[in-house]
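*Asks:* Input: one structure, supplied below.
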Amino acid sequence: MFGKTAILIVYIFVFAVLNLCASDLERINGAGASFPALIYRIWTYNYSKASGTEIEYHSIGSEAGLSQLASGTVDFAASDTPLNSAFLEKEDLVQFPMLIGGVVAAVNLSESGAIPLKLSPELLSRVFMGEIKEWNHPEIVSLNPDVPLPNRKITVVHRAEGSGTTWVFSKYLSSVSREWRERMGSGKILNWPGGIAASNNSGVANYIKKISGSIGYVEYNYALGAGLKCVMFKNQSGNFVAPSLAAFKSAASSLDWKNISSYSDLFNSPKPDAWPLIGATYIIMKKKQSNPATTAEILLFFKSCFEQESDEKLNYVPLPPNCVKKIEDSWIKTFFKTN
């Protein structure tokens, strides 16, 4: 067991070595989840400008990113679905979270004006299962007496490819709706009963913006960027809350992150002001790279990401300091064999 002074010495040595190893590397490639792509765009730009090493991140979906990592096309993958420990061990991979964000249901209902629509977990699941087909359904009207709801078909927009955002959304609905759990389940790909399929969070947001009467699930920043209205969700305390950075922070503050490599139960915080549907996005990389400089550069890049302060400007919640410390400790144990 290391004392505090010994750990500090190890950190100084490790990151000094990483800087030396990474000095001549020209490019690092990553791919995967669209959930964190907006903040990764900023992080990669800032690091590339400061270090001279070009970092590229391709937003292609969690499933595709993992496939590219397996084939050796990219140096790291990003996924909103944590891989289980058995698979990580078998494939000799390391996994850790990077940040937290909120998943929302966005709608295109011009008739509602500035009044936000409310949906309970039960109604939300029935809408996405295709059971509730019109916006003026009596149960939606009853929950939203002040919202002028049209007699219009509900068009559900969902992801076309294997998606971590789909996993987060379906995992949440499985936790709050027995019918959803039994009929739809949770996963990166679902057997949707209908609706329109779109690629990536940006694709879903664009379809919602184009189709009157539509609803879809996206990471919060994509809804904001497309100028979409977000549905208020009923949380575990029974309160209807609107998505916001404050609501995401409230939900994230109750997490303990005992196991950084596989923590996935991020739903239904008991706090009265918490958004019930938040998710973490993870980085997956190989423990052994063909070029040691690649590992060094990747770790230095992610260390710089933890130190940057741009998360909240895009409504992402940064990981708490104790979690970041656990992650960096895991790097030392994994790549420098100090355990």
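*Asks:* Restricting to helices (runs of 4 or more DSSP H) lying wholly in the stretch 1-73: which have 3 or more residues that are modelled with pLDDT of 85 or more and under 18 Å from I284 (Cα atoms)?
*Replies:* Details: elements: 4-21, 37-51, 62-71.
Correct list: 37-51, 62-71.
*Asks:* Would you point out which residue out of F306, F336 is touching a Leu at 6+ places or on another chain (Cβ under 8 Å) and surrounded by fewer than 20 Cβ atoms within 10 Å (Cβ to Cβ)? Break it down into steps so the answer makes sense when it comes.
*Replies:* Working: F336 fails: touching a Leu at 6+ places or on another chain (Cβ under 8 Å).
F306 is the lone residue from the list that is touching a Leu at 6+ places or on another chain (Cβ under 8 Å) and surrounded by fewer than 20 Cβ atoms within 10 Å (Cβ to Cβ).
*Asks:* Can I ask one more? Can you spot a residue in the stretch 150-162 that is modelled with pLDDT of 95 or more and either at positive phi or aromatic (F, W, Y) (or both)?
*Replies:* no
*Asks:* Same structure, new question: Return the residues of the stretch 207-229 that are among the hydrophobic types (A, V, I, L, M, F, W, C) and more than 17 Å from the chain's Cα centre (by Cα); say none if nothing qualifies. Steps first, please.
*Replies:* Filtering the stretch 207-229 for residues among the hydrophobic types (A, V, I, L, M, F, W, C) gives 208, 211, 215, 218, 223-224, 226, 228.
Scanning the stretch 207-229 gives I208, I211, I215, A226, L228.
*Asks:* Name the residues in the stretch 33-75 that are out of contact with any helix residue (DSSP H, G or I) (no Cβ under 9 Å at 6 or more places or on another chain) and among the aromatic types (F, W, Y), would you?
*Replies:* Residue satisfying the conditions is Y45 alone.
*Asks:* Can you list the helices (runs of 4 or more DSSP H) lying wholly within the stretch 85-150 that have 1 or more residues being over 24 Å from L190 (Cα atoms)?
*Replies:* Numbers: elements: 85-91, 121-128, 138-143.
Counting at least 1 such residues, we get 85-91, 138-143.
*Asks:* Only residues that are of a type in the set (S, T, Y) and either surrounded by 18 or more Cβ atoms within 10 Å (Cβ to Cβ) or without any contact (Cβ under 8 Å) to a residue 12 or more places away in the chain (or both): list them for the stretch 57-80, please. Please lay out each step first, then the result.
*Replies:* Restricting attention to the stretch 57-80, the residues satisfying the condition of being of a type in the set (S, T, Y) are 57, 59, 62, 67, 71, 73, 79.
Selection gives Y57, S59, S62, S67, S71, S79.
*Asks:* Sticking with this structure for a sec: Please go through the stretch 135-164 and pick out each residue that is under 28 Å from E111 (Cα atoms) and in contact (Cβ under 8 Å) with a residue 40 or more places away in the chain. Let's see the steps before the verdict.
*Replies:* Our first condition is that a residue be under 28 Å from E111 (Cα atoms); within the stretch 135-164, this holds for 135-159.
Selection gives W135, L149, P150, R152, K153, I154, T155, V156, V157, H158, R159.
*Asks:* Could you check the stretch 32-56 and list, in sequence order, the residues that are surrounded by 21 or more Cβ atoms within 10 Å (Cβ to Cβ), more than 15 Å from E219 (Cβ to Cβ) and not β-branched (V, I, T)?
*Replies:* Answer for the stretch 32-56, where residues must be surrounded by 21 or more Cβ atoms within 10 Å (Cβ to Cβ), more than 15 Å from E219 (Cβ to Cβ) and not β-branched (V, I, T): W43, Y47.
*Asks:* Here's a follow-up. Only one of I298, I260, I284 is more than 20 Å from S125 (Cβ to Cβ) and in contact with a Pro (Cβ under 7 Å, 6 or more places away or on another chain). Can you tell me which? Talk me through it step by step, then tell me what you get.
*Replies:* Values: I298 fails: in contact with a Pro (Cβ under 7 Å, 6 or more places away or on another chain); I284 fails: in contact with a Pro (Cβ under 7 Å, 6 or more places away or on another chain).
None of the other options fit; the residue is I260.
The values are calculated or read from the model by the stated rules, or taken from the named source; none is laboratory data. Only a predicted model underlies this, so the values are computations on that prediction, with no experimental measurement involved. Don't worry about glycine lacking a Cβ; one is built from the backbone with ideal geometry, like all the others, and counts go over all protein chains shown.
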